[in-house]
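The values are calculated or read from the model by the stated rules, or taken from the named source; none is laboratory data. Remember, it's a predicted structure, so these values are computed and weren't measured experimentally. Neighbour counts are summed over all protein chains in view; Cβ atoms, including those assigned to glycine, are modelled from backbone coordinates with ideal geometry. SASA here: full protein model, heavy atoms, side chains in, ligands and nucleic acids out. Shrake-Rupley method; radii C 1.70, N 1.55, O 1.52, S 1.80 Å.
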Amino acid sequence: MEGSRTTIEERDMTPPAMEPERQQYFMERARLQVKELSDRLGRPLTCCINTFGCQMNARDSEKLLGILETIGYRAVESEEADFVLYNTCTVRENANLRVYGRLGQLGAYKKKHPQMMIALCGCMMQEKEVVDKIKKSYRYVDLIFGTHNIFKLAELVSLCLDSRKKEDESRKAAEGTPVKGHKHKMVIDVWEDTDQIVEDLPVERKYPFKSGVNIMFGCNNFCSYCIVPYVRGRERSRKPEEIIKEIRRLASDGVVEVMLLGQNVNSYGKNLETPMTFAGLLREVEKVDGIRRIRFMTSHPKDLSDELIEVMAGSGKICRHLHLPLQSGSSRILKEMNRHYTKEQFLDLAARIKAAVPGISLTTDIIVGFPGETEEDFLETLDVVRRVGFDSAFTFIYSKRTGTPAAAMEDQVPEDVVKERFDRLLKEVQDISAEVCCRDEHTVQEVLVEEVNDHSPELMTGRLSNNTVVHFPGDVSLIGKLVPVYLEESRGFYYMGKQVDGAL
Ligand code: 5AD
Ligand code: SF4
């Protein structure tokens, strides 16, 4: 619509009620509002998104940026931008604290640039206490929305721009002076839950050659420590035809690697009109021409099927990597965590996967200090870590989340005990990872080249199918390509390599 002469007023018919048509209407409307403002300021408007948390949030931020760019904002790194959006996480308490810490700084920027808009979205905003606190203590925030309505960003921005314009005009008329204050009416739109999935909205990908693809939203598992089911809502799967359509489009756009995303991909498809298993979906994704690598995240051990192991074992595209969160090695604690598997079942599952997919890299998440965890329970965790031989593990100190069953459990473990266990676990994980990560040393493996090395510009950085990082001499023309690399030397968590001729 570049060069269109339509004015905002001419466009102001009743917006369509149905999605995605409604958002397409608001994207055009917001684009005109942004253009009007940018003409007035004599420069383009800038935006900056700061993403906290997991891969789901990272993917949501790509969608949010897609919308902002469509309506005319230009992305910049600096948070001194015209529109700053924090996509927040609340899985652990320190994620919340980081956001509050940064908000003060944003307030200072806004005092300097009163036209600035500050928006907050993501998991933290689904918590009522958080929104109340922001309303009370951070009144310069302009917009709050949640996890269920990110597709509405254009409509919300349009609303904010409208109300700000009206407010500024009426204040100016009343006082006869230009507005200097940095507080405006806060727009809040947080939904408790939804069964709606809005397709076909713009997305701005971080990498041209790889992309996340949501296959499902929400979680029904209610692990007793976890806040995710309360802030991301009930599990709902996208239709396979929509997923395949998106992946075909990505492939024709140059994407060679997709990461299928869901809180628990192994329960994909259960709520579809025509149910489909996750393994069945993988078989369909494999058929898409141009896609060379398929990853997925996250797999709950309780739902990991024999069918999935079989599909992984027989596939030339599914990566040799599985992230399989253990959380604890103690069957007693696992029961308290509501995980629905025992230590023995986890060990058996890991052994079956390793036997079926030789050389596979297993990674995991572990929580230390869940309420009631004894030294014996902790030793069981160390035992599983040793016996499975994880390539790496994200280790977390248990964080009490209000509203979860574990928050009400007695016998919270003292901080110093948790810290001491955490350090022991970290050491064990690092030692084992150094032992297993070198398994491909002195072999030639395919590397997907991702970027120029941060520290040495003559080196390129990429990843093996099993997700291990490789650095090797090369040039930028290799970015996005799959190239054979001889893995000369293992340095613990990564390899130094040398590109070799030919294809694998
Ligand atoms: N405290 C600590 N870690 C947690 N996780 C989820 N909830 C909590 C909590 N309350 C961890 C789990 C999960 C990962 C994404 O975050 O290990 O797999
Ligand atoms: Fe949280 Fe458990 Fe759902 Fe993962 S599976 S998001 S840990 S409730």
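Among rounded, prolate and oblate, which fits the stretch 53-114 when a ≥ b ≥ c are the square roots of the eigenvalues of its C-alpha gyration tensor, a/c under 1.5 means rounded, and a/b larger than b/c means prolate? Intermediate values should be presented prior to the final figure.
Working: a/c = 3.20, a/b = 1.08, b/c = 2.97.
Oblate is the answer for the stretch 53-114, as a/c is 1.5 or above yet b/c matches or exceeds a/b.
Enumerate by residue number the GluC sites (Glu not before Pro) in the stretch 44-123 meeting two conditions: DSSP loop (anything except H, G, I, E, B), and at most 10 other Cβ atoms within 10 Å of the site's Cβ.
Working: sites: GLU62, GLU69, GLU77, GLU79, GLU80, GLU93; in loops: GLU77, GLU79, GLU80.
Sites meeting the loop and neighbour criteria: GLU77.
Given +1 on the Cβ of Lys and Arg, -1 on the Cβ of Asp and Glu, and no further charges, what dipole in debye does the stretch 427-504 carry about its Cα centre, rounded to the nearest 20? Show your work: numbers first, answer last.
Details: 6 positive and 14 negative charges, 22 e Å.
Using only the charged Cβ atoms, the result is roughly 100 debye.
What is the distance, in nm, between label points placed 7 Å from the Cα along the Cα-to-Cβ direction at ALA356 and at GLU242?
2.9 nm
Grab the other residues whose beta carbon is less than 12 angstrom from that of ASP289, score K and R as +1, D and E as -1, and report the net. List each step's numbers first, then the result.
Working: positive: ARG248, LYS287, ARG292, LYS317; negative: GLU286.
In short, +3.
Using a ≥ b ≥ c from the Cα gyration tensor of the stretch 326-420 (square roots of the eigenvalues), is it rounded, prolate or oblate, where a/c under 1.5 gives rounded and otherwise the larger of a/b and b/c decides, a/b for prolate? Don't jump to the answer; show the numbers that get you there.
Working: a/c = 2.19, a/b = 1.91, b/c = 1.15.
Judged from the Cα gyration tensor, the stretch 326-420 comes out prolate (a/c at least 1.5, a/b above b/c).
How charged is the neighbourhood of HIS471? Take every other residue with its Cβ under 12 Å from the Cβ of HIS471, and add Lys/Arg as +1 and Asp/Glu as -1. It would help to have the intermediate numbers written out before the result.
Working: positive: ARG463, ARG491, LYS498; negative: GLU450, GLU451, ASP454, GLU458, GLU488, GLU489.
Residues near HIS471 contribute -3 overall.
Report the label-to-label distance for ASN467 and ARG234 in nanometres (one decimal), using points 7 Å from each Cα along the Cα→Cβ vector.
Each label point lies 7 Å from its Cα, and together they span 3.1 nm.
Near the amide H of GLY233, under 5 Å away, which other amide H atoms are found, from residues 5 or more places off or on another chain, if H is placed in the peptide plane?
Residues meeting the criterion, in which the H sits 1.01 Å from N, are CYS219.
Counting DSSP beta bridges with both partners in the chain, what percentage is antiparallel, nearest 5? Provide the component values of the computation, followed by the final result.
Numbers: 21 of 63 bridges.
For the chain, the DSSP antiparallel bridge percentage is about 35.
Placing +1 on the Cβ of each Lys and Arg and -1 on the Cβ of each Asp and Glu in the stretch 107-169, which of LEU156, PHE145, MET116 has its Cα farthest towards the positive end of the resulting dipole?
Going by the charge dipole, the pick is MET116.
Sort LYS270, LYS63, LYS343, LYS481 from largest to smallest accessible area, using a 1.4 Å probe on the heavy atoms of the protein chains. Intermediate results must be reported in sequence, preceding the final value.
Numbers: LYS270 130, LYS63 50, LYS343 20, LYS481 105 Å².
From most exposed to least exposed: LYS270, LYS481, LYS63, LYS343.
To check you understand DSSP bridge types, tell me what percent of the beta bridges within the stretch 173-325 (both residues inside) are antiparallel, rounded to 5. Show your work: numbers first, answer last.
Details: 2 of 13 bridges.
Looking only at bridges with both residues in the stretch 173-325, the antiparallel portion is about 15 percent.
What number comes out for the charge environment of GLU62, summing +1 per Lys or Arg and -1 per Asp or Glu over other residues with Cβ under 9 Å away?
Values: positive: ARG59, LYS63, ARG205, LYS206; negative: ASP60, GLU204.
Neighbour charge sum, excluding GLU62 itself: +2.
Starting from 0.36 nm per residue, how many nanometres of slack lie between GLU344 and GLU446 once their C-alpha separation is accounted for?
Working: separation 102, 0.36 × 102 = 36.72 nm, distance 3.46 nm.
Length gained, GLU344 through GLU446: 33.3 nm.
With every protein chain left in place and a probe of 1.4 Å, what is the accessible surface of THR342, to the nearest 10 Å²?
Approximately 50 Å² for this residue.
So between ARG98 and LYS112, what do we pick up on full extension, going 0.36 nm a residue minus the alpha carbon distance? Working shown, then result.
Details: separation 14, 0.36 × 14 = 5.04 nm, distance 2.23 nm.
Value of the extension gain: 2.8 nm.
Just subtract the alpha-carbon distance of MET13 and LYS419 from 0.36 nm times their residue separation and send over the number in nm, one decimal. The partial results should precede the final answer.
Details: separation 406, 0.36 × 406 = 146.16 nm, distance 5.99 nm.
Between MET13 and LYS419, full extension yields 140.2 nm more.
Could you tell me what percent of the accessible area of the chain is made up of carbon and sulfur, with a 1.4 Å probe and every protein chain present?
Numbers: 11860 of 23060 Å².
Answer for the chain is 51 percent, counting heavy atoms of protein chains only.
Among all lysine pairs in the stretch 165-298 that are eight or more places apart or on different chains, how many have alpha carbons less than 19 angstrom apart?
14
Which sequence of GLU257, GLU307, GLU169 reflects their accessible areas, 1.4 Å probe, from the largest down?
Numbers: GLU257 10, GLU307 60, GLU169 105 Å².
The ranking, largest first, comes out as GLU169, GLU307, GLU257.
Over what distance in Å are the Cα centres of the stretch 350-367 and the stretch 53-98 separated?
The two parts, judged by their Cα centres, are 33 Å apart.
Lone cysteines in the chain, defined as no other cysteine's Cβ under 4.7 Å from theirs: which are they?
Unpaired cysteines in the chain: CYS47, CYS48, CYS54, CYS89, CYS121, CYS123, CYS160, CYS219, CYS319, CYS437, CYS438.
Among ILE227, ILE479, what's the order by accessible area (1.4 angstrom probe), most exposed first? Please report the intermediate quantities before stating the final value.
On the way: ILE227 5, ILE479 65 Å².
Solvent-accessible surface, decreasing: ILE479, ILE227.
Long-range amide H contacts for GLY480: which residues qualify at under 5 Å (H placed 1.01 Å from N, peptide plane, sequence gap of 5 or more or a different chain)?
VAL449, GLU450
I'd like the accessible area for GLU242, computed on protein heavy atoms only with a 1.4 Å probe and all protein chains in place. Round to 10 Å², please.
About 40 Å², ignoring ligands and nucleic acids.
In Å², and per residue, what accessible area does the chain have when probed at 1.4 Å with the other protein chains present? Mind dumping the intermediate values first?
Numbers: 23060 Å² over 504 residues.
On a per-residue basis, the chain sits at 46 Å².
Let me spell out the model: positive unit charges on the Cβ of Lys and Arg, negative unit charges on the Cβ of Asp and Glu, origin at the Cα centre of the stretch 84-172. What dipole size does that give, in debye rounded to 20?
Numbers: 17 positive and 10 negative charges, 74 e Å.
In debye, rounded to 20, the stretch 84-172 gives about 360.
With N residues in the chain, what two-decimal value do you get for its Cα radius of gyration over 2.2 N^0.38 Å?
Values: Rg = 24.5 Å, N = 504, 2.2 N^0.38 = 23.4 Å.
Here the Cα radius of gyration is 1.05 times the empirical estimate.
Magnitude of the Cβ-charge dipole of the chain, K/R +1 and D/E -1, about the Cα centre, nearest 20 debye? Spell out each step's value before the answer.
On the way: 70 positive and 79 negative charges, 252 e Å.
Roughly 1220 debye, rounded to the nearest 20.
Given 4 °C and 1.567 mPa s, how large is the Stokes-Einstein diffusion coefficient of the stretch 59-177 in µm²/s, with Rh as the Kirkwood radius over Cα pairs? Spell out each step's value before the answer.
On the way: Rh = 15.2 Å.
The Stokes-Einstein estimate is 85 µm²/s.
With θ set to phi - 60° and the Karplus curve 6.51 cos²θ - 1.76 cosθ + 1.60, what are the ³J(HN,Hα) couplings of the stretch 376-382 in order, to the nearest whole Hz, using x for Gly and Pro?
Rounded to whole hertz, the list is 5, 4, 5, 5, 5, 4, 4.
HN-Hα J couplings of the stretch 389-398 from phi, Karplus 6.51/-1.76/1.60, θ = phi - 60°, integer Hz, Gly and Pro as x?
In residue order, the calculated couplings are x, 5, 5, 7, 9, 8, 10, 10, 7, 3 Hz.
For a quick check: with amide H placed at 1.01 Å from N, whose amide H comes under 5 Å from ASN271's, ignoring anything fewer than 5 positions away on the same chain?
Close amide H contacts, sequence-distant or interchain: SER237.
Hey, any idea what the orientation-averaged projected area of the convex hull of the stretch 123-174's Cα atoms comes to, in nm²?
The number I arrive at for the stretch 123-174 is 4.2 nm².
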